[in-house]
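The values are calculated or read from the model by the stated rules, or taken from the named source; none is laboratory data. This structure is a prediction, so every number in the text was calculated from the model and none was measured. Here the Cβ positions follow ideal geometry from the backbone for every residue, glycine too, while neighbour counts run over all protein chains shown.
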Amino acid sequence: MELVNTHCHSHFCGHGEGEAAQYAAEARKAGLTTLAFTEHYPLSSAFDPDGYLSVPASRMEAYHRDVAQAAQDCPSMDMLLGVELDYLGALEDRRLDQVDFGRYAIVLGSVHFVDGWAFDDPAQKGRWLEPGAPDAIWRRYVELWCDAASDARQPFTAMSHPDLAKKFGYYPSFGLAPLYEQMAEAVASSGRMIEVNTSGSYYACAEMFPSPGLLRAFCRAGVPATVGTDAHVPANVARDIRKGYRALYEAGYRAVTVPTPTGDRRSITIE
């Protein structure tokens, strides 16, 4: 069965390591047939003052060249040039043009900021401990996520790590099932994919993104799904991909959806 990874980073962002060729080498050893590089699209200094979260705009062309060279050196694998683009809602301070994203085979939509606060940043997690905070944060996170997932003006191909709000293991006092249905309805309305992100198992939540319950909601809504490891070091480029496939199967999926270099989609049957 084919193995794919549609989400990885490298040294071009401030918290990644390794060059594209190193990721490609590890992917080839693991038998991957598709590898997507999805570096963090540049944020303004207001959101990323230290250049740690995203790729500086001045380095984007070098990133493009690095992936192109890796693809040229590894013709047996579909190597996709992509980006991970933060949805900032009303606080968006960049000039984003759909045309600018035409060069990318995949654009991952992410919500890492809740009204300007990087809620998944370990250095800023104290806000989670405030009285009643998990309830308010989860509601606002899902509201923003649904706005992003359903907004046709956004260039997103797939929505990555859908329930990232659980990263530190903080959950609301209420059941999440109604929010899951909202999320499934929102992304289904746009025809976008979602991603099973295997990195969640290595955070405090100890569970892939999305949770089994949310993944089942996506499946019931007919939302196609892909799989990514969110690797930030070459050694993790193939981590838990088979487990991601198993999670899809257990949620009701029978195929993994994969973007192609031309921007189309293809399916891999889960055996």
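Which residues, taken from segment 45-76, are of a type in the set (K, R) and either without any contact (Cβ under 8 Å) to a residue 40 or more places away in the chain or exposed (fewer than 15 other Cβ atoms within 10 Å of the Cβ) (or both)?
R65 - this is the single residue of segment 45-76 that is of a type in the set (K, R) and either without any contact (Cβ under 8 Å) to a residue 40 or more places away in the chain or exposed (fewer than 15 other Cβ atoms within 10 Å of the Cβ) (or both).
Would you pick out the residues in segment 209-228 that are closer than 18 Å to V142 by Cβ and either in a loop (DSSP other than H, G, I, E, B) or out of contact with any Gly (no Cβ under 8 Å at 6 or more places or on another chain) (or both)?
Of everything in segment 209-228, those that are closer than 18 Å to V142 by Cβ and either in a loop (DSSP other than H, G, I, E, B) or out of contact with any Gly (no Cβ under 8 Å at 6 or more places or on another chain) (or both) turn out to be P210, S211, P212, G213, L214, L215, A217, F218, A221, V223.
Would a scan of segment 236-243 turn up a residue that is within 26 Å of V83 (Cα to Cα), in contact with a strand residue (DSSP E or B) (Cβ under 6 Å, 6 or more places away or on another chain) and surrounded by fewer than 16 Cβ atoms within 10 Å (Cβ to Cβ)?
No, segment 236-243 contains no residue that is within 26 Å of V83 (Cα to Cα), in contact with a strand residue (DSSP E or B) (Cβ under 6 Å, 6 or more places away or on another chain) and surrounded by fewer than 16 Cβ atoms within 10 Å (Cβ to Cβ).
Considering segment 120-142 alone, what residues qualify as being in a helix (DSSP H, G or I) and within 25 Å of E39 (Cα to Cα)?
Across segment 120-142, the qualifying residues are P122, A123, Q124, K125, Y141, V142.
What strands (runs of 3 or more DSSP E) lie completely within segment 1-114 and have 1 or more residues being at pLDDT 95 or above and in contact with a Lys or Arg (Cβ under 8 Å, 6 or more places away or on another chain)?
Once the strands (runs of 3 or more DSSP E) in segment 1-114 are filtered for at least 1 residues that are at pLDDT 95 or above and in contact with a Lys or Arg (Cβ under 8 Å, 6 or more places away or on another chain), what remains is 3-5, 78-86, 106-110.
Go through segment 179-211 and give me each residue that's more than 22 Å from F119 (Cα to Cα), surrounded by fewer than 19 Cβ atoms within 10 Å (Cβ to Cβ) and either touching an Asp or Glu at 6+ places or on another chain (Cβ under 8 Å) or not small (G, A, S) (or both).
Hits for segment 179-211 are E181, E185, S190.
Looking at (1) crowded, with 18+ Cβ neighbours inside 10 Å; (2) in contact with a Cys (Cβ under 6 Å, 6 or more places away or on another chain); (3) at positive phi, which one does H161 not meet, given that it meets all the others?
(2)
Answer yes or no as to whether Y171 is in contact (Cβ under 8 Å) with a residue 24 or more places away in the chain, surrounded by fewer than 19 Cβ atoms within 10 Å (Cβ to Cβ) and either touching a strand residue (DSSP E or B) at 6+ places or on another chain (Cβ under 7 Å) or part of a loop (DSSP other than H, G, I, E, B) (or both).
yes
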